[in-house]
1. For the stretch 27-72, max minus min Cα coordinate along each principal axis, in Å, sorted largest first?
2. How large is the direction-averaged shadow of the alpha-carbon convex hull of the stretch 6-106, in nm²?
3. How many nm separate the modelled label positions at Val2 and Met85, each set 7 Å beyond the Cα in the direction of the Cβ?
4. Size of the dipole of the chain about the Cα centre, Lys and Arg at +1 and Asp and Glu at -1 on the beta carbon, nothing else charged, in debye to 20?
5. Just flag the trypsin sites (Lys or Arg not before Pro) in the stretch 1-104 sitting in loop per DSSP whose Cβ has no more than 16 other Cβ atoms within 10 Å.
6. Would you mind ranking Met40, Met1 by Cβ crowding within 10 Å, fewest neighbours first?
7. Are there chymotrypsin sites (Phe, Trp or Tyr not before Pro) in the stretch 1-87 that DSSP marks as loop and that have at most 10 other Cβ atoms within 10 Å, and which are they?
8. With the contact rule set at Cα under 8 Å and sequence spacing of 6 or more, what percent relative contact order holds for the stretch 18-83?
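Taken together, the values in this text are just the output of simple stated rules run on the coordinates, not laboratory data. This structure is a prediction, so every number in the text was calculated from the model and none was measured. Methodologically, a virtual Cβ is constructed for each residue, glycine included, from the backbone with ideal geometry; neighbour enumeration extends over all protein chains shown.
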Amino acid sequence: MVTLSIETQLLFAGILFVIGLAGLLVRRNIIFMLMSVEIMLNSAGLVFIIAGAHWLQPDGQVMFIFILAVAAAEVSVGLALILQMYHHYKTLDADTLNKLKDTQDEL
């Protein structure tokens, strides 16, 4: 079994978080933005798992289960909102939806 150092594990979690943050800032499709938030939540959960394994405590696994529950609730509400936006505006582009909001303010 290969054992990685805690620095390597935390570096991997940090890279995952940066990938999620970059996806959130760069992509304009709301579904991809939701997926980027999920990557960031999983990265945070991975840090809890790493810390729990390092100190030989089950607290990290408990927190990861809590993060999974929050992520499941966030996805269900987010997808419901995305479906409503698509049915109403026929687009999932965040920039287009923002422009539509500006035109409604002028009316």
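1. 41, 17, 5
2. That works out to 7.2 nm², a quarter of the Cα hull's surface.
3. 3.9
4. In debye, rounded to 20, the chain gives about 200.
5. Sparse-neighbourhood loop trypsin sites (Lys or Arg not before Pro): Arg27, Arg28, Lys90.
6. Starting with the residue having the fewest Cβ neighbours, the order is Met1, Met40.
7. When the chymotrypsin sites (Phe, Trp or Tyr not before Pro) of the stretch 1-87 are filtered for loop state and at most 10 Cβ neighbours within 10 Å, Trp55 remain.
8. Reported relative contact order: 27 percent.
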